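Trainee: Encoded as C-alpha cells, here's the structure I'll be asking about.
The values are calculated or read from the model by the stated rules, or taken from the named source; none is laboratory data. What you are looking at is a predicted structure, and each value in this text was computed from that prediction instead of being measured. Cβ sites come from the backbone with ideal geometry, for glycine too, and all protein chains shown count toward neighbours.
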Amino acid sequence: MPNVNKNWLQGVVGFGLALLAVATRADELNMTQGVTAISRAVYDLHMLIFWVCVVSGIGVFGMMAWSLINHRKSRGHAAAQFHESTQMEILWTLIPVLILIGMAFPATQVLIQMYDTGGEDMTVEVRGYQWRWQYKYLDDDYNSTFGFFSSLTTPIDQRHNRTVKGENYLLEVDNPLRIPINRKVRFLVTSEDVIHAWWVPDFGIKRDAVPGMLNELWTIVEEPGIYRGQCTELCGKDHGFMPIVVEALPEAEYDAWYAQRLELEAARKQALSQTFSADELMAQGEEIYNTFCTSCHMPNGKGVPPVFPPLDGSDIATGPRRADHFAIVINGKTGTAMQAFGRQLDAAQLAAVIHYERHAWSNNAGDIIQPSDIVEFMSGQQ
Amino acid sequence: MSEAVVEVHADHADHGPAKGLTRWLFTTNHKDIGTLYLWFSFLMFLIGGTMALIVRAELFQPGMQFVQPEFFNQMTTNHGLIMVFGAIMPAFVGLANWLLPMMVGAPDMALPRMNNLSFWILPFAFSLMISTLFMEEGGPNFGWTFYAPLSTEYAPDTVTFFIFSLHMIGASSIMGSINIIATILNMRAPGMTLMRMPLFVWTWLITAYLLLAVMPVLAGAVTMMLFDIHFGTSFFNAAGGGDPVMFQHIFWFFGHPEVYIMILPAFGIVSQIIPTFSRKPLFGYDSMVYAVASIAFLSFIVWAHHMFTVGMPIAGQLFFMYSTMLIAVPTGVKVFNWVSTMWRGSITFETPMLFAIAFVALFTIGGFSGLMLAITPADYQYHDTYFVVAHFHYVLVPGALFSIIAAVYYWLPKWCGKMYDESLGKLHFWLSFIGVNITFFPQHFSGLAGMPRRIPDYALQFADFNMVSSIGAYIFGFSQLLFLYVVIKTIRSGRPATARVWEAAHGLEWTLPSPVPYHTFTTPPKITEAEAHS
C-alpha cells in the first residue's frame, strides 16, 4: 500500500513539474495574441474557455482521483450501493447550463464585431489558386487597379533536405501582400479552382476561399511588421506549400509603394505590345516556369508521369502546331490538374513561358513567341 | 407457438458450427458473425494504423523524407476512411452481434441471413477502396471529408471506385442497423423492459437509429458526386450553377451524427464495465438513457460547426455555436454519472477497468477541447489546425478505440471461455495510455502555434512537437501488436474462465456458461431483478 501512495505522489510531482515546464514556455505553446483588437479579443475568449475547462477538469479529475485512491477494494473499502440522486442530476445539469450561458455572451459580442465589415478604407481581393494566392487591389468601384501572385519561394533543395533550411522555411513568398497599418482593410476572399482557406493567425481571421462565392473579412493592423500564415483547407498536392505573407507598412510608406505599383502597372500594359529577343523570352520564361509550372512538370521538364506529363520531348511543346500549345496553357485541361493560365498570366508572361517550354531542355521548336501572338490567339478564341 | 416450431428449435440446439471455411462464409450465427466483424475490424485497424505511421514518419522532421505530397494525401485520406468505416464502426457492430442477443435474452439476431450479407459486403468494399491505391492515378487523396470540387472535378479517376465502395459500406451499415433495431425491439425476453435493458443495448438502439437516418444522406452525397463527375450535372460545381458549400452541408449532416455513431456505443460499454469493477450499480441509469437520447437529438442540429469558416450569415453561426455548446450538458451528465459510480465503490483495476477509466479521463479532455472549438470566434483560430486533429483523436482513440479494447478484455473470457494474461493486459494498457498521450497531447500545442492539418511538410517552429508526436505514434502503434498477441494467447492457452468471470458482473450474458454455447437462450430466460441493470 505505501508503494501505491508513493507512485501517486511521484505522479503528482511529475505532473506539477511538467506543468511548470509548460508554463515557462507558455508563449510558444499557446495561441498568439496577435496584433489586432479582434485577435486579442479572440485570445481572451480562448483563455476564458480554457480556464473554464481547467477548473471543471480539476473538479472531475479530482473526484475521480480521490475515488481511485481511497475507494479501492485493496484498501478494504466496501462498496456503497446508492445509485441515483435526482437532486445531483439537476444540479450538474443546471450549473453547466449557467456556465455556458455565461460563455455565450462574450463569444456573441466578439462574433458580431468580426462581422462588422462596413466602413473600410480599402479593399483587397484574395483569390486562391492551386497552389498560390493572388491579391488584387480594388478601387472604389471594385475594379482591379493592379494585382499580383504570391508564391512560395523556399527552394526545392531545402524541401528535399539537400541544403540547410532557412528561418522562414515554407513561410516565405515572392510578393507579400502589402497593407497599411491603422486603416480598415477589407478582404474579399474567393477561389479559382478548389476550396482554400486564407488565414493570418496574428490578425485572428480565417476564411475559406470557395469558388463561386465571395467571403468578407476585415482587419485593422496596429503594428508594422511581417505576418505569416498558411492555407488551411486541403486543396490538393501542394496544400502545404502556399503560405500567406502580409507586410503591414506605416501609412506613408504604404502610399509610396502603392503609387509605385500603379506606375509599374502602366509599364506592364505597355509591354504587351513590345517584341522581345529569344534570350529575353527564355530568361523571363524560366522565371515564370519556376514559379507556376515546376511543382507538377518538375524543373527538368520530366513531369511525374502519369499524372503530370513531361514537357521535355512532348509533341505539344515541340510540334509545329503552336496553337495546341497555346490552347493547353491558356485554357488548361478539364479533368486534370492543368489550370487555365490565361486567367493568371498576362500575354507577355504567357509568351515568355510558352517560348521557354518550347526551347528548354532538349526541346527546340525553332520558333519565337511574342506577346502579340498570344493576344491574337486569345482574340481569335473569343 | 406450434409444436413443429418447437421441434425445429430443439434440432438447432444440437448442432454446432459447420466445419471449415463454409462455417464463416455461410454462417447466420450472431456469434460467428460478431467474430468475423471483430477480426475484420482489427485487420483494418492494422492497415489504417500503418498508414498513420507512414504519415507520422514523414512528419518526424521538416522536409520531405519518405513520400511525396501526392502519396501523403492518399495516406491521410485512407487512414481516416479506413479507421472510421473499417475499424471503429465494424468493431462496434461486431460487439453488438456478440452481445445484444445475449444481453436481451434472444436466441440470435432478428434477421440472421441479412446479418451474413451485411458483414460479407465489407471485405469487398474495402478491397475495392484499397485497390485504388495501386492504380495508375492513385487512390482518394482529398481527405476523408472529400470536399467538392477537390473530390469531383479535381479528383483522380479512381474516385468512382471510392464512391462505389462507400455505397457498399453504407448498404452494409443500413442492414446492420435495421437488424439491431429489429432485434432489440422484438426479441427481448419477457420481463426485459426497455428501461431494464443494459446501457450497451440502449446506446446501440439509439446509434442504430442514427445510422438509419444518416447513411442514406451519405449515399445521396456520393451519388451527386457521381453525377457531377460522369453525367454532366453541377450539384457542387459553381461554374454550372451549383454550390460547393452545399456539399459540406450534406456531408456534415451525415458526418456529425456519424461522430456520435462512433462514440455512443462506447458510452454503453463503459457504463457496463465501470459498475462491475466498482462493485456498485451504475449511477443515474435513467439520466444516462436520457443523456444519450439528447446527444443523439442534438447531433442533428449542430453540423455546421464543422464549417464555421465557410462564410455563413451571422445568425447561422450563432445558432450552431449555441446548439454545439449545449452538447456539453448531456455529455457532462454522463461523465458525472461515471465518476459517481466509482465514488465510494470498491474498485479493482483489471485491464478492462483500466481502459474504461482512461476512457473517462481522456474522453473528457477531448470533450473540453470540443467545447473550446464550439466558441465560434476562437474556432477561427483552431479550425483545420492540429488542435482539431488532437481534439478528434482524443475522442476517437482513447475514446472509441479504448472502449472497444476494454470490451474485448471484458467479454473475451465469456466468448472463448478462457482468461487473458492479466500482466500482459496491463502492460498493453500502460503502453497504449502513454503512447496515445505522447502522440496527441503535443498536437494541441502545434495547432495553437498555427500548424495546419493535412500538410506533408511544415515550418521549423513546429519541429519539436511533431517529433514527439511521431515517437508516441510508434509506441502506440507497435503496442497494438501486443494486443493481438494477448488475444491469440488467450484463445490458445488461457486458463479456464468461470461463468460469471468477474466478481460483480451483472447481466444475462454472465448467467451463461463460459465459453458460451453456439446457441443460447433458445428458450427465453426469466429476468430476475439481480440481472436487470439495477
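Residues are listed down the side, and each one gets a yes or a no for (1) closer than 22 Å to B:Phe319 by Cα; (2) within 13 Å of chain B (Cβ to nearest Cβ); (3) modelled with pLDDT under 95:
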{"residue": "A:Leu91", "(1), (2), (3)": "no, yes, yes"}
{"residue": "A:Val124", "(1), (2), (3)": "no, no, no"}
{"residue": "A:Phe149", "(1), (2), (3)": "no, no, yes"}
{"residue": "A:His160", "(1), (2), (3)": "no, yes, yes"}
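Trainee: Does B:Phe433 satisfy being of a type in the set (Phe, Trp, Tyr) and either surrounded by 23 or more Cβ atoms within 10 Å (Cβ to Cβ) or within 30 Å of B:His79 (Cα to Cα) (or both)? Before the answer, list the steps.
Mentor: Values: of a type in the set (Phe, Trp, Tyr): yes; either surrounded by 23 or more Cβ atoms within 10 Å (Cβ to Cβ) or within 30 Å of B:His79 (Cα to Cα) (or both): yes.
Here the answer is yes, as B:Phe433 does meet what is asked.
Trainee: Can you tell me which of B:Val270, B:Val222, B:Val245 is within 11 Å of another protein chain (Cβ to nearest Cβ) and either assigned to a helix (DSSP H, G or I) or in contact with a Leu (Cβ under 6 Å, 6 or more places away or on another chain) (or both)? I'd like the intermediate steps shown before the answer.
Mentor: Details: B:Val270 fails: within 11 Å of another protein chain (Cβ to nearest Cβ); B:Val222 fails: within 11 Å of another protein chain (Cβ to nearest Cβ).
The match here is B:Val245.
Trainee: Answer yes if at least one residue in the range A:64-79 is under 46 Å from the mean Cα position of the chain (by Cα) and more than 9 Å from chain B (Cβ to nearest Cβ), and no otherwise.
Mentor: Yes, the range A:64-79 has at least one match.
Trainee: I would also like to ask the following. Quick check: is even one residue across the range B:367-387 surrounded by fewer than 21 Cβ atoms within 10 Å (Cβ to Cβ), more than 10 Å from every other protein chain (Cβ to nearest Cβ), part of a helix (DSSP H, G or I) and touching a residue at least 12 places away in the same chain (Cβ under 8 Å)?
Mentor: No, because not a single residue in the range B:367-387 is surrounded by fewer than 21 Cβ atoms within 10 Å (Cβ to Cβ), more than 10 Å from every other protein chain (Cβ to nearest Cβ), part of a helix (DSSP H, G or I) and touching a residue at least 12 places away in the same chain (Cβ under 8 Å).
Trainee: When residues of the range B:111-132 are filtered for being free of Cβ contacts under 8 Å to residues at least 12 places away in the same chain and closer than 27 Å to B:His249 by Cα, how many remain? Can you show your working first?
Mentor: Taking the range B:111-132 as the starting set, the residues that turn out to be free of Cβ contacts under 8 Å to residues at least 12 places away in the same chain are B:127.
From the residues that got through so far, the ones that are closer than 27 Å to B:His249 by Cα too are none.
Matching residues across the range B:111-132 total 0.
Trainee: Go through the range A:307-335 residue by residue and tally those that are surrounded by 16 or more Cβ atoms within 10 Å (Cβ to Cβ) and within 14 Å of chain B (Cβ to nearest Cβ).
Mentor: So the answer is 4.
Trainee: Moving on. In the range B:200-217, which residue that is hydrophobic (A, V, I, L, M, F, W, C) and touching a Leu at 6+ places or on another chain (Cβ under 7 Å) is nearest to B:Met114 (Cα to Cα)? Even if it seems obvious, please write down each step before you answer.
Mentor: Within the range B:200-217, the first condition is being hydrophobic (A, V, I, L, M, F, W, C), and the residues that meet it are B:200-202, B:204-206, B:208, B:210-215, B:217.
Adding the requirement that they be touching a Leu at 6+ places or on another chain (Cβ under 7 Å) leaves B:200-201, B:204, B:206.
Numbers: B:Phe200: 22, B:Val201: 20, B:Trp204: 18, B:Ile206: 20 Å.
Here the answer is B:Trp204.
Trainee: Can you find a residue that is in a loop (DSSP other than H, G, I, E, B), facing chain B (nearest Cβ under 7 Å) and either farther than 30 Å from A:Val353 by Cα or in contact with a Leu (Cβ under 8 Å, 6 or more places away or on another chain) (or both) anywhere in the range A:249-266?
Mentor: Residues of the range A:249-266 in a loop (DSSP other than H, G, I, E, B): A:250.
Then keep just the ones that are facing chain B (nearest Cβ under 7 Å); that gives none.
No: the range A:249-266 contains no residue that is in a loop (DSSP other than H, G, I, E, B), facing chain B (nearest Cβ under 7 Å) and either farther than 30 Å from A:Val353 by Cα or in contact with a Leu (Cβ under 8 Å, 6 or more places away or on another chain) (or both).
Results for (1) at the interface with chain A (Cβ under 10 Å from one of its Cβ atoms); (2) under 25 Å from A:Gln109 (Cα atoms); (3) among the small types (Gly, Ala, Ser), shown as yes or no for each residue.
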| site | (1), (2), (3) |
| --- | --- |
| B:Ala293 | no, no, yes |
| B:Phe297 | no, no, no |
| B:Phe308 | yes, yes, no |
| B:Ser323 | no, yes, yes |
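Trainee: Can you find, within the range B:450-503, the residue that is farthest from B:Gln61 (Cα to Cα) among those that are of a type in the set (Asp, Glu) and out of contact with any helix residue (DSSP H, G or I) (no Cβ under 6 Å at 6 or more places or on another chain)? Can you show your working first?
Mentor: Pass one, the range B:450-503, residues of a type in the set (Asp, Glu): B:457, B:464, B:503.
Then drop every residue that is not out of contact with any helix residue (DSSP H, G or I) (no Cβ under 6 Å at 6 or more places or on another chain), which leaves B:464, B:503.
Values: B:Asp464: 8, B:Glu503: 49 Å.
In this case the residue turns out to be B:Glu503.
Trainee: What strands (runs of 3 or more DSSP E) completely inside the range A:131-182 contain at least 3 residues that are out of contact with any Asp or Glu (no Cβ under 7 Å at 6 or more places or on another chain) and at negative phi? Reasoning before the result, please.
Mentor: Values: elements: A:132-138, A:144-150, A:177-180.
Hits in the range A:131-182: A:132-138, A:144-150.
Trainee: For B:Thr351, indicate whether it is β-branched (Val, Ile, Thr) and farther than 24 Å from A:Ile90 by Cα.
Mentor: Details: β-branched (Val, Ile, Thr): yes; farther than 24 Å from A:Ile90 by Cα: yes.
Yes, satisfied.
Trainee: State which residue pairs qualify: first residue more than 7 Å from every other protein chain (Cβ to nearest Cβ) and in contact (Cβ under 8 Å) with a residue 24 or more places away in the chain and inside the range B:133-150, second residue among the aromatic types (Phe, Trp, Tyr) and crowded, with 23+ Cβ neighbours inside 10 Å in any location, beta carbons under 6 Å apart, and separation of 6 or more residues or different chains.
Mentor: Sorted first by the residue in the range B:133-150, then by its partner, the pairs are B:Pro140/B:Phe162; B:Ala148/B:Phe236; B:Ala148/B:Phe247.
Trainee: Output the residue which, of all residues in the range A:292-328 that are part of a helix (DSSP H, G or I) and small (Gly, Ala, Ser), is farthest from A:Leu152 (Cα to Cα). If you could, list the steps in order and put the result at the bottom.
Mentor: First, the residues of the range A:292-328 that are part of a helix (DSSP H, G or I): A:292, A:294-297, A:315-318, A:322-328.
Remaining after also requiring small (Gly, Ala, Ser): A:295, A:317, A:323, A:327.
Values: A:Ser295: 11, A:Ala317: 26, A:Ala323: 30, A:Ala327: 26 Å.
Among them, the one singled out is A:Ala323.
Trainee: Given (1) more than 21 Å from A:Glu247 (Cα to Cα); (2) in contact with a Leu (Cβ under 8 Å, 6 or more places away or on another chain); (3) surrounded by fewer than 21 Cβ atoms within 10 Å (Cβ to Cβ), where does A:Gln158 come up short, assuming only one miss?
Mentor: (2)
Trainee: Which numbered condition trips up A:Ser273, out of (1) in contact with a Pro (Cβ under 8 Å, 6 or more places away or on another chain); (2) surrounded by 14 or more Cβ atoms within 10 Å (Cβ to Cβ); (3) in contact (Cβ under 8 Å) with a residue 24 or more places away in the chain; (4) more than 14 Å from chain B (Cβ to nearest Cβ)?
Mentor: (2)
Trainee: Regarding the range A:327-344, can at least one residue be identified that is under 32 Å from the mean Cα position of the chain (by Cα) and over 30 Å from B:Ala148 (Cβ atoms)? Can you show your working first?
Mentor: The first filter runs over the range A:327-344 and keeps only residues under 32 Å from the mean Cα position of the chain (by Cα), leaving A:327-344.
This time we only want the ones that are over 30 Å from B:Ala148 (Cβ atoms), so: none.
The answer is no; no qualifying residue exists.
Trainee: Within the range B:309-325, how many residues are under 16 Å from A:Met213 (Cα atoms) and either under 25 Å from the mean Cα position of the chain (by Cα) or assigned to a loop (DSSP other than H, G, I, E, B) (or both)?
Mentor: 3
Trainee: While we're on this one: Could you run through the range A:176-198 and say how many residues are among the hydrophobic types (A, V, I, L, M, F, W, C), surrounded by fewer than 22 Cβ atoms within 10 Å (Cβ to Cβ) and within 16 Å of the chain's Cα centre (by Cα)?
Mentor: Here the count works out to 1.
Trainee: Step by step: first the residues of the range A:33-90, then only those that are small (Gly, Ala, Ser) and part of a loop (DSSP other than H, G, I, E, B), then the one that is surrounded by the most Cβ atoms within 10 Å (Cβ to Cβ). Which residue is that?
Mentor: Kept after step one, since they are small (Gly, Ala, Ser), are these residues of the range A:33-90: A:34, A:37, A:39, A:41, A:56-57, A:59, A:62, A:65, A:67, A:74, A:76, A:78-80, A:85.
Next cut, part of a loop (DSSP other than H, G, I, E, B) only: A:34, A:76, A:78-80, A:85.
Working: A:Gly34: 24, A:Gly76: 7, A:Ala78: 11, A:Ala79: 17, A:Ala80: 14, A:Ser85: 14.
My answer is A:Gly34.
Trainee: So, one more: How many residues, within the range B:499-534, are closer than 23 Å to A:Ala78 by Cβ and not hydrophobic (A, V, I, L, M, F, W, C)?
Mentor: Going through the range B:499-534 one residue at a time, the tally reaches 8.
Trainee: While we're looking at this one, here's another question. In the range A:203-218, is there at least one residue being more than 7 Å from every other protein chain (Cβ to nearest Cβ), on the phi > 0 side of the Ramachandran plot, surrounded by fewer than 24 Cβ atoms within 10 Å (Cβ to Cβ) and more than 16 Å from the chain's Cα centre (by Cα)? Spell out the reasoning first.
Mentor: Taking the range A:203-218 first, the residues more than 7 Å from every other protein chain (Cβ to nearest Cβ) are A:203, A:209, A:214, A:216-218.
Next, only the ones that are on the phi > 0 side of the Ramachandran plot stay: none.
The answer is no, given that none of the residues of the range A:203-218 is more than 7 Å from every other protein chain (Cβ to nearest Cβ), on the phi > 0 side of the Ramachandran plot, surrounded by fewer than 24 Cβ atoms within 10 Å (Cβ to Cβ) and more than 16 Å from the chain's Cα centre (by Cα).
Trainee: Would you say A:Thr145 is surrounded by fewer than 17 Cβ atoms within 10 Å (Cβ to Cβ), more than 14 Å from chain B (Cβ to nearest Cβ), polar (S, T, N, Q) and touching a residue at least 40 places away in the same chain (Cβ under 8 Å)?
Mentor: On the way: surrounded by fewer than 17 Cβ atoms within 10 Å (Cβ to Cβ): yes; more than 14 Å from chain B (Cβ to nearest Cβ): yes; polar (S, T, N, Q): yes; touching a residue at least 40 places away in the same chain (Cβ under 8 Å): yes.
So A:Thr145 passes the test.
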